[in-house]
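Participant: Below are the C-alpha cells for one structure; questions will follow.
Read-outs throughout are calculated quantities, based only on the coordinates presented, and are distinct from any laboratory measurement. Nothing here was measured: the structure is a model prediction, and the numbers come from that model. Using ideal geometry, Cβ is built from the backbone for each residue, glycine included, and neighbour counts are taken over all protein chains shown.
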Amino acid sequence: MESLIPFTTSGALVDCVDKKVLVVLRDGRKLIGVLRSYDQFANLVLENTFERKHLARYYADQGIGVMIIRGENVVLLGEIDLDAEDEVPLEQVPLEQLDPAYKREAEFRKKRETDKSQVLFEGLGFSKEGGEGDGY
Amino acid sequence: MLIFSVFKTLTDQTVTVELKNDLCITGVLKSVDQYLNIRLDAIKVQNADQHPHMMAVRNCFIRGSVVRYVQLPASAMDTQLLEDATRRESGKKI
C-alpha cells in the first residue's frame, strides 16, 4: 500500500478482489465471501458466500453461493486476515442450534432500533433512515 | 469537492469513523473518493466485543453514505486554510 492509490472507488477496492471479505449490510447481516467484482457504486459480486450469524461467543454459517449486492445496502467491506481468523475466540455451532435464539435476538434488536428512530424523529427532529434519496 | 480535498490531505492520519449503525472504527486513512467512501488500514473497533464479526478484519472500505462522523486529529487541520477555501468556493457559486 506504499504506492499512490488514485483517489477513486476503484483504487480503494481493487486490492480486495479475489480476497475473502466480510460485507456488513444495512439490515445488519454479515456476508462472507470472495470478492470477484465491484463498480463505482460499491455494487459487489461475491462468490462462495455464506451468511454468518453471531450470537454471544457462538456463530453459525449459512451458505448462499454467488451474490450480487447492490451498493446502497453496503455498510462496510472488510478484508479478512486469514491468520487472524484462526485466532478468533468464537465457537462455531450448527445452524439449527443457533437459529431460533438468533431470530429472537434479531427481532428484539430491530424493534429497539425502530423505537429508537421513532423517538429521535418525533422528539428531536432526526430524519428517518432508508428513505428516498438516501442511496446513491 | 471541498471536503473530498480535505480528506485527500489527511491520508496516513489516524482517524475515527462513527457509522450510522453506531459502530466506531479507528484506523489509518488510506484513501477517499468523490463519494467520501473511506478506506481504513490497521483498524481498531471500539467496543470490539459488541461487534465480534470484525475481529479478523484489519483493513476495510466504508461506504460514504453510512458515515455519521469522522473524528480527525486537530493538529492535521489548518482551519484558516479551510475557512478561506470555503469562502472562495461559495464566492464562485452563482
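Participant: For chain B, modelled as a GNM with alpha-carbon contacts under 10 angstrom, which of B:Leu82, B:Leu19, B:Leu36 fluctuates the most?
Facilitator: Top of the fluctuation ranking is B:Leu82.
Participant: Describe numerically, in nm with one decimal, the distance between label points set 7 Å from Cα along Cα→Cβ at B:Gln34 and at B:Ala74.
Facilitator: Simple spin-label model gives 3.5 nm for this pair.
Participant: Count, for each residue of A:76-88, the Cβ atoms from other chains sitting within 10 Å of its Cβ, then give me the mean as a whole number. Present the calculation step by step, with values, prior to reporting the outcome.
Facilitator: Numbers: counts 17, 8, 13, 8, 7, 5, 1, 2, 4, 3, 1, 2, 5.
Mean shielding by partner chains, rounded to a whole number: 6.
Participant: Could you sort out which of A:Lys19/B:Lys30; A:Lys20/A:Lys116; A:Lys110/B:Lys44; A:Lys19/A:Lys53; A:Lys111/B:Lys20; A:Lys20/B:Lys20 sit more than 28 Å apart by Cα distance in this structure? It would help to have the intermediate numbers written out before the result.
Facilitator: Values: A:Lys19/B:Lys30 18 Å; A:Lys20/A:Lys116 34 Å; A:Lys110/B:Lys44 26 Å; A:Lys19/A:Lys53 21 Å; A:Lys111/B:Lys20 17 Å; A:Lys20/B:Lys20 25 Å.
A:Lys20/A:Lys116, as the Cα separations exceed 28 Å there.
Participant: Given a Förster radius of 22 Å and the C-beta distance between B:Asp84 and B:Lys8 as r, what FRET efficiency does 1/(1 + (r/R0)^6) yield to the nearest 0.05?
Facilitator: Details: r = 17 Å, r/R0 = 0.78.
For B:Asp84 and B:Lys8, the calculated efficiency is 0.80.
Participant: Could you work out which residue, out of A:Leu124, A:Leu22, A:Leu55, moves most in a Gaussian network model of chain A, that is, has the largest mean-square fluctuation with Cα springs under 10 Å?
Facilitator: Comparing A:Leu124, A:Leu22, A:Leu55 in a Gaussian network model of chain A, the most mobile one is A:Leu124.
Participant: For chain A, with a Gaussian network of springs between Cα atoms less than 10 Å apart, report the residue from A:Arg109, A:Arg70, A:Arg52 with the top mean-square fluctuation.
Facilitator: A:Arg109
Participant: Would you mind giving the three semi-axes, in whole Å and largest first, of the ellipsoid equivalent to chain A according to its Cα gyration tensor? Could you put the intermediate results ahead of the total?
Facilitator: On the way: eigenvalues 147, 119, 35 Å².
So the three semi-axes of chain A are 27, 24, 13 Å.
Participant: Further question: Quote the FRET efficiency, to the nearest 0.05, computed for A:Val17 versus B:Asp22 with a Förster distance R0 of 22 Å and r equal to the Cβ-Cβ distance. The partial results should precede the final answer.
Facilitator: Working: r = 30 Å, r/R0 = 1.34.
So, using R0 = 22 Å, E works out to roughly 0.15.
Participant: Right, next: Hey, what number do you get for chain B at 222 nm if only DSSP H runs of n ≥ 4 count, each worth -39500 (n - 2.57), divided across all residues, to the nearest 500?
Facilitator: Details: 2 runs with 22 residues, N = 94.
So the calculated ellipticity at 222 nm is -7000 deg cm²/dmol.
Participant: What does the average come to when, for each residue of peptide B:66-78, you count the partner chain Cβ atoms lying within 10 Å of its Cβ?
Facilitator: On the way: counts 9, 2, 0, 0, 0, 0, 0, 0, 0, 0, 0, 0, 0.
Partner-chain Cβ atoms within 10 Å, mean over residues of B:66-78: 1.
Participant: When N is the residue count of segment B:2-93, what does its C-alpha Rg come to as a fraction of 2.2 N^0.38 Å?
Facilitator: Details: Rg = 14.5 Å, N = 92, 2.2 N^0.38 = 12.3 Å.
In units of the 2.2 N^0.38 Å rule of thumb, it is 1.18.
Participant: Let me ask another. Where does the longest stretch of chain A lie that holds no GluC sites (Glu not before Pro) found in a DSSP loop with 11 or fewer other Cβ atoms within 10 Å?
Facilitator: On the way: sites that count: A:Glu2, A:Glu87, A:Glu132.
Here the longest run is A:3-86.
Participant: How long are the semi-axes of the equivalent ellipsoid of the protein assembly as shown, taking √(5λ) for every eigenvalue λ of the Cα gyration tensor, in whole Å from largest down?
Facilitator: Values: eigenvalues 201, 98, 56 Å².
Equivalent ellipsoid of the protein assembly as shown: 32, 22, 17 Å, largest first.
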